[in-house]
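Asker: Here it is, the structure, as structure tokens.
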Amino acid sequence: MLLRDLLRGAPYSACTGGDSLDIAELCFDSRVCRPGMAFAAVRGVTADGHQYIDAAVRAGASLIIAKTPVEGTPTVVTDDPEATLAAMAANLYGNPARGLTMIGVTGTKGKTSTTYFIKTILDSLPGVKCGLIGTVCNMAGDENLGEAHNSTPTVTELHRLLADMRARGCTHVVMEVSSHALELGRVDGIRFRVGVFTNLSQDHLDFHGTMENYLAAKCRLFAQADEGIANVDDPDTAEVLRRAACPMHTYSMWEEKHAEVTAGNVVQREADGVDFTVRADGAAYPVKFPVPGLFSVYNAMAALSVARVLGIPMAEAVRAVEKTHGVPGRAEVVRVDAPFRVIVDYAHSPDSVEKIVSTVAGFTVGRVISVLGCGGNRDRTKRPKMAAAAARGSDYIILTTDNPRFEEPEDILNDMLPGLAYADCPYRVIPDRREAIRAAIGMAEARDTVLIMGKGHEPYQEVRGVRHHFDDREEVRRYFEQKA
């Protein structure tokens with residue numbers, strides 16, 4: 001595409017070398033640059049792309065997008081390379097978001113489940129085909145488009161994916177919008193019909209630095225949404241509502257908060273789900289929800305609130321959401337031939353650990369045996385808090401490895417141990433995750449629950465930058481197959 005067409009509507013101050021260049025691709029990784037490509041010097045999670053301009057030029061990049069001109073190479077000069085790249089990516093793929101009803105969900109927890117539940121509702125409607133972009137996978141209707149590598153794709157991948165979904169007949173797209181994506185401009189220029197805020201708890205401080213910065217990143221979603229929805233039971237929602245640049249709607253578990261959508265009469269059905277009554281616009285609707293936990297009620301309310309804002313009758317939305325099959329790796333019961341349960345969950349923050357452990361403890365007659373690890377090269381301060389949260393509802397804990405990445409597993413485990421210093425809960429440390437899972441299952445007795453936390457749906461373990469195949473659910477099944 002000609003550069004002048006790529007730059008239509010993009011913010012920039014100068015274009016050295018003219019605007020008639022023919023650009024085939026956009027990239028922000030100097031290692032994949034070649035002639036015909038434009039290299040954007042954008043911020044990343046760990047580095048600034050301006051450090052790699054020379055490498056991109058040596059690799060043959062035909063154009064640089066940067067804050068200052070690059071001698072000898074055509075340059076699009078801009079104060080905001082992230083926004084410029086986003087606009088160029090949208091133009092390259094035909095501005096696909098403009099032809100789709102976009103719904104974005106942000107928050108520390110619940111993004112994945114909420115997007116799945118919204119998709120279930122939308123796909124039940126005649127003439128609607130919903131795309132899904134998120135942590136577990138990307139989908140167009142019932143078609144799986146492959147494993148996701150980030151909660152929110154990179155900006156170029158996002159627009160390519162949206163174009164693919166539009167070509168496959170999608171009318172709506174619901175996507176997870178991470179704080180990283182909002183801070184790094186991955187969703188710049190996309191207009192969301194509805195934005196959703198689920199909650200905020202400690203996570204990603206290795207990137208954002210403070211909880212204030214983390215919240216500010218989340219709030220950016222409501223500067224590019226037509227309408228927003230927020231959980232008023234979360235203490236940080238008051239600030240979200242204050243900052244929001246669009247009309248906001250609310251949901252709550254408490255009637256006295258006068259939210260537009262509320263839930264009551266909550267009854268846990270062990271690991272099979274939860275029943276509750278949702279109230280909206282003066283009417284009440286019983287819900288038989290197939291996913292356990294109070295957190296699932298909140299995620300369902302968020303999805304039903306989206307349906308309400310989109311004008312879908314609540315009774316119709318309830319019937320659809322009751323048919324959800326749950327989300328892989330989220331409070332997922334692994335079916336095994338045993339007198340006890342095994343549950344796999346993605347919990348990887350102190351609050352999410354506490355919520356899943358308390359949910360499991362609430363329906364477990366016997367013991368809760370927890371397996372817990374913490375990821376490497378992430379916020380170290382949450383590690384002892386995660387261990388302490390697990391101890392508050394568990395009867396036995398095995399600390400193990402999650403994705404150590406470039407850290408030593410022993411160092412991560414040593415960071416977790418102080419969280420158990422004052423806990424009245426026996427524990428073991430087994431660094432090998434496969435061995436830890438087998439040990440937990442091996443000690444389980446009738447009516448116990450083995451709860452394996454941290455990786456959920458992930459089919460890999462990342463060690464020293466290499467992803468090795470590892471799936472908690474497969475390890476559980478393999479244990480029983482070998483035992484048979």
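The values are calculated or read from the model by the stated rules, or taken from the named source; none is laboratory data. Remember, predicted model here, so these are calculated numbers, not experimental data. Glycine also receives a Cβ, built like all others from the backbone with ideal geometry; neighbour counts cover every protein chain displayed. Each accessible area value is taken on the protein alone, full model and side chains, heavy atoms only, with ligands, DNA and RNA left out. Shrake-Rupley method; radii C 1.70, N 1.55, O 1.52, S 1.80 Å.
Asker: Sorted by accessible area (1.4 Å probe), largest first, how do Phe289, Phe28 line up?
Answerer: Phe28, Phe289
Asker: Also, quick follow-up: I need the phi-derived Karplus couplings for the stretch 311-325: 6.51 cos²θ - 1.76 cosθ + 1.60, θ = phi - 60°, integer Hz, Gly and Pro marked x.
Answerer: My calculation for the stretch 311-325 gives x, 7, x, 4, 4, 5, 5, 4, 4, 6, 5, 5, 9, 5, 9 Hz in order.
Asker: Report Ser124's accessible area, 1.4 Å probe, all protein chains in place, as a number in Å² to the nearest 10.
Answerer: Here the accessible area works out near 60 Å².
Asker: OK, next. What size of dipole, in debye to the nearest 20, comes out for the chain about its Cα centre when the only charges are +1 on Lys and Arg C-beta atoms and -1 on Asp and Glu C-beta atoms?
Answerer: With only Lys, Arg, Asp and Glu charged at Cβ, the dipole is about 600 debye.
Asker: Given H placed 1.01 Å from N in the peptide plane, which residues other than close sequence neighbours of Ala347 have an amide H under 5 Å from its amide H?
Answerer: Amide H to amide H, under 5 Å and 5 or more residues apart or across chains, Ala347 pairs with Gly454.
Asker: Another question about this same structure. Give me the percent of DSSP beta bridges within the chain that run antiparallel, rounded to the nearest 5.
Answerer: 40
Asker: I need the phi-derived Karplus couplings for the stretch 181-197: 6.51 cos²θ - 1.76 cosθ + 1.60, θ = phi - 60°, integer Hz, Gly and Pro marked x.
Answerer: Listing the rounded values in order: 4, 5, 5, 9, x, 5, 10, 4, x, 8, 9, 8, 5, 9, x, 10, 10 Hz.
Asker: Using mean Cβ contacts within 10 Å as the protection proxy, how do 458-470, 32-44, 48-60 order, highest first?
Answerer: Descending packing order for the listed peptides: 32-44, 48-60, 458-470.
Asker: Could you look at the stretch 364-484 and say what percent of its accessible area is carbon and sulfur, using a 1.4 Å probe and all protein chains?
Answerer: 48
Asker: Turning to a different aspect of this structure: In the chain, with Lys and Arg counted as +1 and Asp and Glu as -1 at Cβ, which of these residues, Ala59, Ile452, Tyr298, has the Cα nearest the positive end of the dipole, that is, farthest along it?
Answerer: Value computed over the given set: Tyr298.
Asker: Now, a different point. Let me know the charge dipole size of the stretch 1-149 about its Cα centre in debye, to the nearest 20, where only the beta-carbon of Lys, Arg (+1) and Asp, Glu (-1) is charged.
Answerer: That gives the stretch 1-149 a dipole magnitude of about 280 debye.
Asker: Given +1 on the Cβ of Lys and Arg, -1 on the Cβ of Asp and Glu, and no further charges, what dipole in debye does the stretch 322-416 carry about its Cα centre, rounded to the nearest 20?
Answerer: Computed about the Cα centre, the dipole is about 300 debye.
Asker: With equal scatterers on the alpha carbons only and no solvent term, can you work out the Debye log10 of I(q)/I(0) for the stretch 96-238 at 0.09 1/Å?
Answerer: -0.24
Asker: Report, by chain and number, residues whose modeled amide H sits under 5 Å from the one on Asn138, excluding near sequence neighbours (fewer than 5 apart, same chain).
Answerer: Amide H neighbours of Asn138, under 5 Å, 5+ apart: Leu145, Gly146, Ala148.
Asker: Going by amide H atoms built from the backbone, whose H comes under 5 Å of the H on Phe192, apart from near neighbours?
Answerer: Distant-sequence amide H within range of Phe192: Ala225, Asp226.
Asker: Just the number please: accessible area per residue for the chain, 1.4 Å probe, all protein chains included, in Å².
Answerer: I get 41 Å² per residue for the chain.
Asker: For the chain, list log₁₀ I(q)/I(0) at each q in 0.10, 0.12 Å⁻¹, using the Debye formula over Cα point scatterers of equal strength and ignoring solvent, two decimals each.
Answerer: -0.80, -1.10
Asker: Also, I was wondering about something else. Per residue of the stretch 82-87, what does 6.51 cos²θ - 1.76 cosθ + 1.60 with θ = phi - 60° give for ³J(HN,Hα)? Whole Hz please, x for Gly and Pro, Karplus curve as stated.
Answerer: 5, 5, 5, 4, 4, 5
Asker: So what is the calculated 222 nm ellipticity per residue for the chain, using -39500 (n - 2.57) for each DSSP H run with n of 4 or more, over all residues, to the nearest 500 deg cm²/dmol?
Answerer: It lands at -9000 deg cm²/dmol.
Asker: Got a sec? Charge dipole of the chain, +1 on Cβ for Lys and Arg, -1 for Asp and Glu; which of Ala390, Phe39, Leu2 is way out at the positive end?
Answerer: Value: Leu2.
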